[in-house]
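Nothing in this text is a laboratory measurement; each read-out follows from the coordinates by a stated rule. None of these values were measured; they are calculated from a predicted model. In this analysis, Cβ positions are derived from the backbone assuming ideal geometry, glycine residues included, and neighbour counts consider all displayed protein chains.
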Amino acid sequence: MLDLVLRGATIVEAGGTLRADLGVSSGRVAALLDPETPATARVERRVDGCYLLPGLVDAHVHLREPGLTHKEDFESGTRAAAAGGVTTLLDMPTDEPWTDSVQTYADKQRLAAGRLHVDVGLQIALRRDAYDLHALRALDPVSVEVFTADVPQAYLHDTQASLMRALKLLKPLGILACVSPGDQSLLQSVSKGGVDAFLASRPPLAEATGIAKAILAAAETKTRVHIRQTNSALGVATFGRMRGLADASIETTPQCLLFTADDYARLGADLKASPPMRSAEDRDALLAALREGLIDIVATDHAPHSRIEKKAHYDTFADIPGGMPGVQTLLATMLHFVARGDIDLPALVRMCSANPAQRFGIGNRKGTLSRGRDADILVLDPRLDTRIHHAGQLSRAGYTPFDGMQVPGRLTAVFLRGELVYEDGQLVAPAPTGQIIGASNHGIA
Ligand SMILES: [Zn+2]
């Protein structure tokens, strides 16, 4: 007997839609049934007229624990994720201390136990002095992060030689190398000035150069590489021209698809992040890439700070802590692009669920509602709207840059491995049931 059957919906996958009832057993998708086919299940739910999507996989989240828990922690960040339909998130290593060793990885696993509302994969930062990564490989991180600019010296791979060395180390391990693209030699330190000085210090050329260098290093070493948050026309064009040279994928964020530097006048510190918001031409080039299918993954770069930190006085705009919340609003902001006709629902699933799951080595469990996969299910009612507002945000950041946005479609229920965790605006799981998951299938493209 099935544990659960959802009846009357249309299933949305990266490849298209299918009218079917969905059966769940032991936390996994057990059957896709012809509509109204008799089946016995302990629980039967009617979801007529709704869409069922695989839970979203946010590939770029900073949960801030350990060390920065006044900004966010495992509990608050994954609560926000669950309420937004992100059933798996991939946690970046830039906390205090950075996650860069067996010990720091184990500490994170221990701290997170019993406090996760969604499943979480852990990412590791590659130190400059790294030489033996086999112990790290055994932990099954979902990626290794290679930083080329704007990070402490211990993690800075700022020359092509050090980037090459990093990717050569990763190649035999099969772990996805994620490169935050930049070029330290093109960045300027900013000691005074406002938004304009900040923008000038982080030029699109630095991003585009970083992308070119990462793809060349990946081509030469035959290592799989993923390019992190990209938002310039030159960067996207560089990726488009060069991607065929290597096994490479690219990511952008909803905020970079929606805002330009003009929005700093309205949102100020709340929009301050790296890379900076760009011109309307850059944003439009990014949107064109989204429509044309060039963007592999949309992730949020959820990087919250406390209200006190964002509201404090800073001598220069560049000094404001960079980053904003986003994990709770990934689905809603992407529904905006669906409503506008930029993408369709299968494309949303492809960029926010299927692709990140496959790319980060968890595609055997996540990213699809195929039989045997984890029953991470979103119920989306197209007859209702979603209004994003500050008060509804569960992140410790306490605000959203998308306040006031209204989009067609509303998330009415979220299942994590077959268990209902969110329903009609409320988290309903009696206790957090999220798990740390590893990349069990390194090497899948
Ligand atoms: Zn980030």
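What does the charge add up to near ALA135, with Lys and Arg as +1, Asp and Glu as -1, over the other residues with Cβ less than 14 Å from its Cβ?
-1
Which value results for Rg/Rh of the range 279-425 when Rg is the Cα radius of gyration and Rh the Kirkwood radius based on the inverse mean 1/r?
Radius of gyration relative to Kirkwood radius: 0.99.
Can you list the equivalent-ellipsoid semi-axes of the range 380-441, largest first and in whole Å, using the square root of 5 times each Cα gyration tensor eigenvalue?
Largest first, the range 380-441 gives 25, 16, 13 Å.
Among LEU6, TYR131, GLN109, whose Cα projects farthest towards the positive end of the dipole of the chain, with charges put on the beta-carbon of Lys, Arg (+1) and Asp, Glu (-1)?
The Cα lying farthest towards the positive end belongs to TYR131.
Counting DSSP beta bridges in the chain, what percent are antiparallel, to the nearest 5?
DSSP beta bridges in the chain are roughly 50 percent antiparallel.
May I have the convex hull volume per residue, in Å³, for the Cα set of the range 132-184? Walk me through the numbers before you get to the answer.
On the way: hull volume 4.2 nm³, N = 53.
Value for the range 132-184: 80 Å³ per residue.
According to the Cα gyration tensor, what semi-axes, each the square root of 5 times an eigenvalue, does the equivalent ellipsoid of the range 208-310 have, listed from largest to smallest in whole Å?
After scaling each eigenvalue by five and taking roots: 27, 15, 11 Å.
Quick one: Cα convex hull volume of the range 374-414, Å³ per residue? Each step should come with its number before you reach the end.
Values: hull volume 3.6 nm³, N = 41.
Enclosed volume per residue, from the Cα hull, is 88 Å³.
Just to be sure I understand: of the beta bridges DSSP finds with both ends in the range 1-116, what percent are antiparallel, rounded to 5?
Of the beta bridges lying entirely in the range 1-116, close to 50 percent run antiparallel.
Which one of ASP381, ASP196, ASP296 has the biggest mean-square fluctuation once the chain is modelled by GNM with Cα springs under 10 Å?
For the chain, modelled as a Gaussian network with Cα springs under 10 Å, the answer is ASP196.
Compute a Gaussian network model of the chain, connecting alpha carbons closer than 10 Å, and tell me which residue from TYR51, TYR155, TYR264 fluctuates the most.
Comparing TYR51, TYR155, TYR264 in the GNM, the peak value goes to TYR264.
Only loop residues by DSSP count here, and only those with at most 15 other Cβ atoms within 10 Å; note down the trypsin sites (Lys or Arg not before Pro) in the range 159-248 that meet that.
For trypsin sites (Lys or Arg not before Pro) across the range 159-248 that sit outside H, G, I, E and B with at most 15 neighbouring Cβ atoms in 10 Å, the list reads LYS192, LYS222.
What percent does the relative contact order of the chain come to when contacts are Cα pairs within less than 8 Å and at least six residues apart?
Details: 1110 pairs, mean separation 93.6, N = 445.
Once normalised by length, the contact order is 21 percent.
Please report, in debye to the nearest 20, how large the charge dipole of the chain is about its Cα centre when each Lys and Arg carries +1 at its beta carbon and each Asp and Glu carries -1 there.
In total the dipole reaches around 520 debye.
Under 10 Å, Cα contacts only: if you run a Gaussian network model on the chain, which one of LEU411, LEU205, LEU286 comes out with the highest mean-square fluctuation?
Answer for the Gaussian network model of the chain: LEU205.
From the P(r) of the range 101-234, could you give the percentage of C-alpha pairs in the tail past 27 Å?
Result for the distance tail: 28 percent.
What list of ³J(HN,Hα) couplings, whole Hz, do you get for the range 75-80 from phi and the Karplus terms 6.51, -1.76, 1.60, once you set θ to phi - 60° and write x for glycine and proline?
Taking θ as phi minus 60°, the curve returns 6, 5, x, 7, 5, 4 Hz for the range 75-80.
Put +1 on the Cβ of every Lys and Arg and -1 on every Asp and Glu Cβ in the range 225-332; which of LEU286, GLY323, ALA233 then has its Cα farthest towards the positive end of the dipole?
The residue sitting most towards the positive pole is GLY323.
Suppose every Lys and Arg Cβ carries +1 and every Asp and Glu Cβ carries -1, with no other charges. What dipole size does the range 110-225 come out with about its Cα centre, to the nearest 20 debye?
Its charge dipole is roughly 260 debye.
Pairing the Cα long axis of helix 330-340 with the longest principal axis of the chain, what angle in degrees results, from 0 to 90 and rounded to the nearest 10?
So the helix axis and the longest Cα principal axis differ by about 80 degrees.
With +1 on each Lys and Arg Cβ and -1 on each Asp and Glu Cβ, how big is the dipole of the range 1-108 about its Cα centre, in debye rounded to the nearest 20?
I would put it at about 420 debye.
For the chain, what is the largest minus smallest coordinate of the Cα atoms on each principal axis, given in angstrom and ordered from greatest to least?
Per principal axis, max minus min of the Cα coordinates gives 66, 48, 41 Å.
For LEU271, LEU416, what ranking results if the residue with the fewest other Cβ atoms within 10 Å of its Cβ goes first?
LEU271, LEU416
To the nearest µm²/s, what D does Stokes-Einstein give for the range 1-129 at 20 °C and 1.002 mPa s, using the Kirkwood radius over alpha carbon pairs as Rh?
My calculation gives 127 µm²/s for D.
Based solely on its DSSP helices, what 222 nm [θ] is calculated for the chain when runs of n ≥ 4 H residues each add -39,500 (n - 2.57) and the sum is averaged over all residues, nearest 500 deg cm²/dmol?
Working: 14 runs with 120 residues, N = 445.
That calculation yields -7500 deg cm²/dmol at 222 nm.
Compute the whole-percent fraction of alpha carbon pairs in the range 266-338 spaced more than 18 Å apart.
Looking at the range 266-338, the distances longer than 18 Å represent 51 percent of pairs.
Projecting each Cα onto the charge dipole of the range 42-177 (Lys/Arg +1, Asp/Glu -1 at the beta carbon, about the Cα centre), which of MET92, PRO152, LEU53 comes out farthest on the positive side?
LEU53
Can you tally the net charge around ILE297? Count Lys and Arg as +1, Asp and Glu as -1, for every other residue whose Cβ sits under 10 Å from the Cβ of ILE297. Intermediate results must be reported in sequence, preceding the final value.
Working: positive: ARG228, ARG350, ARG359; negative: ASP58, GLU251, ASP296.
Once positives and negatives cancel, what remains is 0.
Mind scanning LYS213/LYS272; LYS108/LYS213; LYS71/LYS213; LYS168/LYS272 and naming the pairs with a C-alpha gap bigger than 28 Å? Could you put the intermediate results ahead of the total?
On the way: LYS213/LYS272 26 Å; LYS108/LYS213 32 Å; LYS71/LYS213 33 Å; LYS168/LYS272 34 Å.
Checking Cα-Cα distances, LYS108/LYS213; LYS71/LYS213; LYS168/LYS272 exceed 28 Å.
Quick check on the exposure proxy: order SER189, SER25 from fewest to most C-beta atoms within 10 angstrom.
Placing the least packed residue first, the sequence is SER189, SER25.
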